[in-house]
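Here the structure is laid out as structure tokens; the discussion comes afterwards.
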Amino acid sequence: QKEVEQNSGPLSVPEGAIASLNCTYSDRGSQSFFWYRQYSGKSPELIMFIYSNGDKEDGRFTAQLNKASQYVSLLIRDSQPSDSATYLCAVKPEGGNYGQNFVFGPGTRLSVLP
Amino acid sequence: DAGVTQSPTHLIKTRGQQVTLRCSPKSGHDTVSWYQQALGQGPQFIFQYYEEEERQRGNFPDRFSGHQFPNYSSELNVNALLLGDSALYLCASSYPGPKNTIYFGEGSWLTVV
């Protein structure tokens, strides 16, 4: 059973601080990793994806991947109240030619306090 | 450029009934998948369609079935509804190829009473 684990939170940070969201996965052969943001009552929207070990930056967001430790993280710099949402970590398992069978974690609820 | 569109947005059904949910993928996307998201949980993969055939399936019973049409749109059918089927049903689509990511529609909220 391929699993993705996240701390459900809530994670509360003050406005302007760095929010750090973590995710671990069980399938060592996984190659692709994704972060989605989901506002209450809405559908998930893609924030970032990462394939290689190391860091990938996009604006205020940085994704970090360590395949040896089977660990993915998302850093949000200069957090804003509008960043308050649930953040879903998703992993695409190895194998298969069609590639839409993502495995999602339960999500971490982030609250940015003004 | 329209994104992934789903209908209906909300619906209420009675236990034992059947439901059909519909999805049109984003322009240029030919692969469609369906996910179930129960309250407080992450989305769970139901199945994926490509070239009008079911290509991969998650751990869902045969009560869940689907179809893809020549224009790449898709339907999700759930028979003999149970209270536990109450959830947000998400359709996702992607460009061809296993390395491409998926984009979700706004979802269909199903309540079974």
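The values are calculated or read from the model by the stated rules, or taken from the named source; none is laboratory data. Predicted model only: the values in this text are computed from it and were never measured. FYI the Cβ positions are ideal-geometry reconstructions off the backbone, even for glycines, and counts take in every protein chain you see. What goes into the accessible areas is simple: the full protein's heavy atoms, side chains included, and nothing from ligands, DNA or RNA. Shrake-Rupley method; radii C 1.70, N 1.55, O 1.52, S 1.80 Å.
When the strands (runs of 3 or more DSSP E) confined to segment B:60-113 are screened for residues that are touching a Gly at 6+ places or on another chain (Cβ under 7 Å), those reaching at least 1 such residues are found at B:74-78, B:87-94.
Annotation for segment A:24-47: no member residue is buried (at least 20 other Cβ atoms within 10 Å of the Cβ) and aliphatic (A, V, I, L, M). Inside segment B:23-57, residues that are in contact with a Leu (Cβ under 8 Å, 6 or more places away or on another chain), facing another protein chain (nearest Cβ under 9 Å) and either buried (at least 24 other Cβ atoms within 10 Å of the Cβ) or part of a strand (DSSP E or B) (or both) make up a count of 3.
Candidates in segment B:61-107 are the residues that are touching a residue at least 60 places away in the same chain (Cβ under 8 Å) and among the β-branched types (Val, Ile, Thr); of these, the one that is farthest from B:Ala38 (Cα to Cα) is B:Ile102. So which residues in segment A:3-21 are crowded, with 17+ Cβ neighbours inside 10 Å and within 10 Å of the chain's Cα centre (by Cα)? Within segment A:3-21, A:Gln6, A:Leu21 qualify.
Determine if segment A:71-80 includes at least one residue that is loosely packed, with under 13 Cβ neighbours inside 10 Å and of a type in the set (A, V, I, L, M, F, W, C). Within segment A:71-80 (the criterion being loosely packed, with under 13 Cβ neighbours inside 10 Å and of a type in the set (A, V, I, L, M, F, W, C)), the answer is no, since none of the residues qualifies.
When we screen A:Gly105, A:Gly59 for residues that are small (Gly, Ala, Ser) and without any contact (Cβ under 8 Å) to a residue 60 or more places away in the chain, the only hit is A:Gly59.
Residues in segment B:58-102 that are of a type in the set (Ser, Thr, Tyr) and either more than 9 Å from every other protein chain (Cβ to nearest Cβ) or open to solvent by 10 Å² or more (accessible area, probe 1.4 Å) (or both) were compared, and the one that is nearest to A:Cys89 (Cα to Cα) is B:Thr101.
Taking segment B:1-46, which residues are free of Cβ contacts under 8 Å to residues at least 24 places away in the same chain and touching a strand residue (DSSP E or B) at 6+ places or on another chain (Cβ under 8 Å)? B:Gly42, B:Gln44, B:Phe45, listed by residue number.
Screening chain A for strands (runs of 3 or more DSSP E) wholly inside it with 1 or more residues that are farther than 30 Å from B:Glu51 by Cα and among the hydroxyl-bearing types (Ser, Thr, Tyr) returns the ranges A:11-14, A:19-25, A:61-66, A:71-76, A:85-92, A:108-113.
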